[in-house]
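Participant: The structure is given below, and queries will be raised subsequently.
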Amino acid sequence: MEYVDGNAMAGTLGELFGVEMTIAVGVCAACGNTGEVAALHVYNRAPGAVLRCPTCESVLMRVVRGPDRTWLDLSGLRTLQIPV
Amino acid sequence: MAGTAVLGRLTWQPAELVEAIDETSRARTLVFDVPEWMQHRAGQHLDVRLTAEDGYRAERSYSIASAPGEPLAITVERLDDGEVSPYLVDELRPGDRIELRGPVGGYFVWEPDRGGPIFLAAGGSGVVPLMSMARTRALDGADVPARLLYSARTLDEVIYREELERLATEQPELDVVYTLTRGQPEGWTGYARRVDGELLAETAWPAHESPLAYVCGPTSFVEAVAEGLVGLGYPPKRVKTERFGATGGR
């Protein structure tokens, strides 16, 4: 399946976190790869978005938006450094 | 509709189309008036939200084409099976209102103080954020050496062709190189194939000049160019990428 990259999540994540999240740096819990959210592989041709590690393809983040809430799963990340 | 945008908080804002400019048979530039828009940085994008009468909503991201300080413009290419782009390219009229959210993105960004030399590689409508960088550079930073490699299917599908040729003529530090992958005009002496390692070796700055590269286009184009540049010795951190999927997109 075709993916895009984390740049495409800038609006959705920016609205949630209130800061520019594509330059946040995540560490993959599976392989330890460290990099910006912008470089993650994003599968978003579905009601939600799945963000995968560009090195090992593990699922790092999942974001599903409903009409009055957003569901965010970060369990694939060891850490996420957010710019403030 | 939420009220006034609070500084630093990203919200949907009403935008009025003030001008539409046909760029190619499939691409159109849309200039918007947004009363409380924050100034963007070259390379950033925005999200468009359309709401149908029955409440159905669709959102898409599009790169900003204008330089900071210029009227806010995006360029949209029509995807024939698209849900949003045919409306934006064919239907939206000056005076119509839609909603915009942005500017967003902090990774695929170039500002004159980042210096260069810069190597910009565009696949199709991936040229849009790179055009914002070229325009920014022309206004404020024309001494930064820049090369744009633009892969298009045909010459007619090259967006901003007149402006690119004018900039390249006026500015000795800017080179524009096309490769036409599907069809070439008679007498074409330029590149006529998909970007490969050899083509990059001939057009990109040598790695020892510490260039900064920005690559935007369909995912397969971006992967090929980014790998090719790393193969030429570019550090991966100096190759900024933005992928928009199989076709079209932003």
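The values are calculated or read from the model by the stated rules, or taken from the named source; none is laboratory data. Since the model is a prediction, treat every value here as computed from it, not as a measurement. For neighbour counting, all protein chains shown are included, and Cβ atoms are generated from backbone atoms with ideal geometry for every residue, glycine included. The area values use the complete protein model at the heavy-atom level, side chains included, leaving out ligands, DNA and RNA. Shrake-Rupley method; radii C 1.70, N 1.55, O 1.52, S 1.80 Å.
Participant: Taking only protein heavy atoms into account and a 1.4 Å probe, give the accessible area per residue of the protein assembly as shown in Å².
Facilitator: Normalised by residue count, the accessible surface of the protein assembly as shown is 45 Å².
Participant: Write out the GluC sites (Glu not before Pro) in region B:47-146 meeting two conditions: DSSP loop, and at most 16 other Cβ atoms within 10 Å of their Cβ.
Facilitator: B:Glu53, B:Glu83
Participant: Once both axes come from the Cα atoms, what is the angle between helix B:219-231 and the longest principal axis of chain B, in degrees from 0 to 90, rounded to 10?
Facilitator: The two axes meet at around 40 degrees.
Participant: So who's got an amide H within less than 5 Å of the one on B:Ala65, skipping anything under 5 residues away but keeping other chains? H placed 1.01 Å off N, in plane.
Facilitator: B:Ala73, B:Ile74, B:Thr75
Participant: Calculate the dipole size of chain B relative to its Cα centre from +1 charges on Lys and Arg beta carbons and -1 charges on Asp and Glu beta carbons; express the result in debye to the nearest 20.
Facilitator: Its charge dipole is roughly 660 debye.
Participant: Here is a further query. Along region B:168-181, what does the Karplus equation 6.51 cos²θ - 1.76 cosθ + 1.60 (θ = phi - 60°) give for ³J(HN,Hα), rounded to whole Hz, x for Gly and Pro?
Facilitator: 5, 6, 6, 10, x, 8, 10, 10, 10, 10, 9, 10, 10, 8
Participant: Which one, B:Pro86, B:Pro71, B:Pro185, has the greatest fluctuation when you compute a Gaussian network model over chain B with C-alpha springs under 10 angstrom?
Facilitator: Maximum fluctuation in the GNM of chain B, among the listed residues, is at B:Pro185.
Participant: Amide H of B:Val144: which non-local residues (sequence gap of 5 or more, or other chain) have their own amide H closer than 5 Å, using H built in the peptide plane?
Facilitator: Counting only residues 5 or more places away or on other chains, the set is empty.
Participant: Continuing with this model, one more query. Search the structure for amide H atoms under 5 Å from the amide H of A:Thr70, placed 1.01 Å from N in the peptide plane, and list their residues when 5 or more places away or on another chain.
Facilitator: none
Participant: How high is the FRET efficiency from B:Asp143 to B:Lys237, r the C-beta distance, R0 25 Å, rounded to 0.05?
Facilitator: Using R0 = 25 Å, I get an efficiency of 0.55.
Participant: If you add up the charges near B:Tyr160, with Lys and Arg at +1 and Asp and Glu at -1, over every other residue whose beta carbon is less than 11 angstrom from its beta carbon, what do you get?
Facilitator: On the way: positive: B:Arg135, B:Arg161, B:Arg166; negative: B:Glu23, B:Glu162, B:Glu163, B:Glu165.
In short, -1.
Participant: Scan region A:1-75 for trypsin sites (Lys or Arg not before Pro) in coil per DSSP, keeping those whose Cβ has at most 14 other Cβ atoms within 10 Å, and list them by number.
Facilitator: Taking region A:1-75 and a limit of 14 other Cβ atoms within 10 Å, the loop trypsin sites (Lys or Arg not before Pro) found are A:Arg45, A:Arg69.
Participant: Among the residues of region B:10-33, which ones have their accessible area go down by 30 Å² or more when all the protein chains sit together, as opposed to their chain alone (1.4 Å probe)?
Facilitator: Those are B:Leu10, which lose 30 Å² or more relative to the chain on its own.
Participant: What is the extension gain from B:Ala201 to B:Arg166, computed as 0.36 nm multiplied by their sequence separation minus the C-alpha to C-alpha distance, in nm to one decimal?
Facilitator: 10.1 nm
Participant: Right, something else. Can you give the charge dipole size of region B:77-188 about its Cα centre, rounded to the nearest 20 debye, using +1 on the beta carbon of Lys and Arg and -1 on the beta carbon of Asp and Glu?
Facilitator: 220
Participant: Separate question: Picking from B:Leu232, B:Pro206, B:Gly190, whose Cα lies most toward the positive end of the charge dipole for region B:167-250 (charges on Cβ: Lys, Arg +1; Asp, Glu -1)?
Facilitator: B:Leu232
Participant: Next question. Compute the FRET efficiency between B:Met38 and B:Glu186 as 1/(1 + (r/R0)^6), taking r as their Cβ-Cβ distance and R0 = 51 Å, and round to the nearest 0.05.
Facilitator: On the way: r = 47 Å, r/R0 = 0.93.
It comes to 0.60.
Participant: Also: Between helix B:127-139 and chain B, what is the angle of the helix's C-alpha long axis to the longest principal axis, kept within 0 to 90° and rounded to the nearest 10?
Facilitator: Tilt of helix B:127-139: around 80 degrees.
Participant: While we're on this one: Using 0.36 nm per residue, how much length does the chain from B:Glu83 to B:Glu16 gain when fully extended, once their Cα-Cα distance is taken away?
Facilitator: Here the answer is 22.1 nm.
Participant: Calculate the dipole size of chain A relative to its Cα centre from +1 charges on Lys and Arg beta carbons and -1 charges on Asp and Glu beta carbons; express the result in debye to the nearest 20.
Facilitator: 200
Participant: Okay, next question. For chain B, what relative contact order do you get, as a whole percent, if you take Cα pairs closer than 8 Å and at least 6 residues apart?
Facilitator: It comes to 19 percent, rounded to a whole number.
Participant: Could you work out the relative contact order of region B:112-244? I mean the mean sequence separation of Cα pairs under 8 Å and 6+ apart, divided by the number of residues, in percent. Kindly include the intermediate steps, with their values, before the conclusion.
Facilitator: Values: 239 pairs, mean separation 38.3, N = 133.
The value is 29 percent.
Participant: Percent of accessible area on chain A owned by carbon and sulfur, 1.4 Å probe?
Facilitator: Percent of accessible area from carbon and sulfur atoms in chain A: 54.
Participant: Residues of region A:4-33 losing 20 Å² or more of accessible area relative to the isolated chain, 1.4 Å probe, heavy atoms only?
Facilitator: When all protein chains are present, A:Val4, A:Asp5, A:Asn7, A:Ala8, A:Ala10, A:Gly11, A:Glu15, A:Gly18, A:Glu20, A:Ile23 each give up 20 Å² or more of accessible surface.
Participant: Rounded to the nearest 100 Å², what is the buried accessible area between A and B, both sides summed, probe 1.4 Å?
Facilitator: Chains A and B together bury approximately 1700 Å².
Participant: Once you've got the GNM for chain B with C-alpha springs shorter than 10 Å, pick whichever of B:Glu186, B:Glu209, B:Glu23 has the biggest mean-square fluctuation.
Facilitator: B:Glu186
Participant: Suppose each label sits 7 Å from its Cα in the direction of the beta carbon; what would the A:Leu72-B:Glu70 distance come out to in nanometres?
Facilitator: Result for the modelled spin labels: 3.5 nm.
Participant: Quick one: 3J(HN,Hα) in Hz for region B:109-119, Karplus 6.51/-1.76/1.60 with θ = phi - 60°, rounded, Gly and Pro as x.
Facilitator: Calculated HN-Hα couplings, in order: 9, 10, 10, x, 6, 6, x, x, x, 10, 10 Hz.
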